[in-house]
Amino acid sequence: MVINLTDQASTRIKEMMQEESENVRLRFGVKGGGCSGLSYSIGFDYEINEELDVQEEVNGIPVVINSQDIPIIEGTIIDYKENMMGGGFSIDNPKAVYSCGCGSSFRTKEVVGTPGDC
């Protein structure tokens, strides 16, 4: 398994998926940008690129990941927490060696990305 979803994250994602059309998948990956060089990309997708995408099922959720992102995000844990201010997903990537102060971008030992403005 490339990524892990906590029970709380799985429950929230399944709730959100019920509001989408059939055949929706969770897409997780990275893109260049942010002040540290890489930013996470998470959302729903209906399309799969058979040549580039890896599909797996995590806690009953169909997940799609671009194969080029796997070395950067392998072992990542996605959690969901709620508090008095609302709720949100948190991402714990063991390969991230540096994260910016705003918490929305990171870099790994091997991949610096393309740093930009926060």
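The values are calculated or read from the model by the stated rules, or taken from the named source; none is laboratory data. Given the structure is predicted, the values throughout are model-derived calculations rather than measurements. Virtual Cβ from ideal backbone geometry, glycine too; neighbours counted across all protein chains shown.
Applying the criterion of being within 13 Å of the chain's Cα centre (by Cα) and aliphatic (A, V, I, L, M) to the residues of the range 66-95, the residue that is nearest to GLN8 (Cα to Cα) is ILE78.
Is there a residue being on the phi > 0 side of the Ramachandran plot and touching a strand residue (DSSP E or B) at 6+ places or on another chain (Cβ under 6 Å) anywhere in the range 78-85? No, there is no match, as no residue in the range 78-85 is on the phi > 0 side of the Ramachandran plot and touching a strand residue (DSSP E or B) at 6+ places or on another chain (Cβ under 6 Å).
Does GLU22 qualify as being modelled with pLDDT under 95 and farther than 17 Å from PHE106 by Cβ?
yes
Looking at ILE77, is it within 23 Å of GLU110 (Cα to Cα) and modelled with pLDDT under 95? Considered against the rule, which asks whether it is within 23 Å of GLU110 (Cα to Cα) and modelled with pLDDT under 95, ILE77 comes out as no.
Only residues that are more than 19 Å from ALA9 (Cβ to Cβ) and hydroxyl-bearing (Ser, Thr, Tyr) were counted across the range 33-65, and they come to 2.
If you take the residues in the range 25-52 that are more than 25 Å from THR108 (Cβ to Cβ) and among the hydrophobic types (A, V, I, L, M, F, W, C), which one is modelled with the lowest pLDDT? Ranking the candidates gives ILE48 first.
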